[in-house]
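Chemist: Quick one: this structure, given as structure tokens, is what I'll be asking you about.
A short reminder: the numbers here are calculations on the coordinates, not readings from a lab. What you see is a predicted model, and the numbers here were worked out from it, not measured in a lab. Every residue, glycine as well, gets a Cβ built from its backbone with ideal geometry; the counts of neighbours run over all protein chains shown.
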Amino acid sequence: MRLMSSIKGTNSIEKWLTEKSKGSSSDRSFLEGCGRKGVAALSNSTPKRSGAVSIGWNYKLSRTSKGWDLQWYNSAYPGLSVNVAVLIQYGHGTKNGGYVPGRDYINPAMRPIFDSISNYFMKGD
């Protein structure tokens, strides 16, 4: 990926990077939309046995000293010591000694969201 900027003075790139790292209300709005789209994409792509994992997706957007932090998480089966969404993604052993292979459903579902975020912040406005 390339970061392009026209240099009009000695501090143009530094100024642009500083402004981008501060974030704005439009950045927040954009990321909130990405959070919702990500939840929908994950919910739709999650294999549905009982449906609990599929409806357990959510996101959290928070402000940090370096910008924004957008996280997606699954809260299905909170009493378990493992995240069931991760078990589905990567596979797991069974109590009878068997193995259930993983299904890569997270990466394909989130790729368009990640691309959208990357394009938004790299466009160089």
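Chemist: Can you work out which of the residues in the stretch 41-83 that are small (Gly, Ala, Ser) and part of a strand (DSSP E or B) is surrounded by the fewest Cβ atoms within 10 Å (Cβ to Cβ)?
Modeler: Step one: of the stretch 41-83, the residues small (Gly, Ala, Ser) are 41, 43, 45, 50-52, 54, 56, 62, 65, 67, 75-76, 79, 81.
Next, from what is left, pick out any that are part of a strand (DSSP E or B): 62, 67.
Numbers: SER62: 8, GLY67: 14.
This residue is SER62.
Chemist: Check VAL100, VAL86 and return the single one that is in a helix (DSSP H, G or I) and of a type in the set (A, V, I, L, M, F, W, C). Don't jump to the end; show me each part of the working.
Modeler: Details: VAL100 fails: in a helix (DSSP H, G or I).
When all the criteria are applied, what remains is VAL86.
Chemist: So which residues in the stretch 67-123 are touching a residue at least 60 places away in the same chain (Cβ under 8 Å) and farther than 17 Å from THR46 by Cα, if there are any at all? Working first, answer last.
Modeler: Initial filter on the stretch 67-123 (touching a residue at least 60 places away in the same chain (Cβ under 8 Å)): 105-106, 108-110, 112-113, 116-118, 120-122.
SER116, ILE117, SER118, TYR120, PHE121, MET122 - these are the residues of the stretch 67-123 that are touching a residue at least 60 places away in the same chain (Cβ under 8 Å) and farther than 17 Å from THR46 by Cα.
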